[in-house]
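Quick notes on the structure that follows.
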Amino acid sequence: MNNKNKIYKIYKILFDHFGPQYWWPAETRFEVIVGAMLTQNAAWSNVEKAIENLKKEKVLSFDKLLKIKNARLAKLIRPAGYFNVKTKRLKNLLYFIKHNYKGNLQAMQKMRLGKIRQELLSVSGVGKETADSIILYALDRPIFVVDAYTKRVLSRHGLASLDSSYDDIANIFVSSLKNSVLLFKEFHALIVRLAKDYCKKTKPLCQGCPLKEI
């Protein structure tokens, strides 16, 4: 089985086993962007607590987060960890969107994908995973998100090495699958689910893994 067929077979097996994941869990595009910044080096359960704090204080909006004082914002997002750093990074991103797109995410969505990615990566605190998460899940543009889970699963199935670059791993998926926003969203979410439930970092549960047959 060549790598292209193997990648698609992995998707089919995971989808049949887990079903749709309905990821990213957010009510608005803006909430996705905030979540993408807060989830850096954080468990999603803690990010949810931080976002809930923002909602309770009724500040989860573009204008209000721009105006809120850093100390108050840091306190609200404390559950997500590195709260002072993330406060600065989130503000950096919001200022970028305001300066370049007047806070209009629809205008941002219409730009050439390569340009959007390049601009996001120029924002202090925005790395490739965060940028691509925003592009895929908030702007609905087709780009594959790579995280530590993705690298772990692919390396254990001989499709990549732990030394493979972010872009090399992303290209494995892009070159093997049709260019589909829905497919990229679902596949990424399924890999995360597999890694959390079976393909664990230290003690993988290989015996019951849905990918055991391949």
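Before moving on, here are some points about what is shown:
- Eligible lysines near K6 by straight Cα distance, threshold 23 Å, same-chain separation 8 or greater: K151, K178, K185, K196, K200, K201, K212
- Beyond 17 Å, the tail of the calculated P(r) for the range 29-138 holds 49 percent of the Cα pairs.
- The chain: equivalent-ellipsoid semi-axes (sqrt of 5 x gyration tensor eigenvalues, Cα, Å): 32, 20, 14
- Taking only the Cα atoms of the range 8-91, the ratio Rg/Rh comes out at 1.10, with Rh defined as the Kirkwood radius.
- Scanning the chain for DSSP H helices at least 27 Å long along the axis (C-alpha atoms) with a Kyte-Doolittle mean no lower than 1.6 picks out nothing.
- Loop trypsin sites (Lys or Arg not before Pro), the range 30-65 (other Cβ atoms within 10 Å of the site Cβ: 16 or fewer; DSSP): K58
- With at most 10 neighbouring Cβ atoms within 10 Å, loop GluC sites (Glu not before Pro) (DSSP) excluded, longest segment of the chain: 28-212
- Within the straight-line cut-off of under 18 Å between alpha carbons, the aspartates and glutamates reachable from K49 are E27, E31, E57, sequence neighbours fewer than 8 places apart in one chain being disregarded.
Bear in mind that the values in this text are calculations on the coordinates, not laboratory data. Just so it is clear, the model here is predicted, and its values are computed rather than measured. Here Cβ is always computed from backbone atoms with ideal geometry, including for glycine, and neighbour counts include all displayed protein chains.
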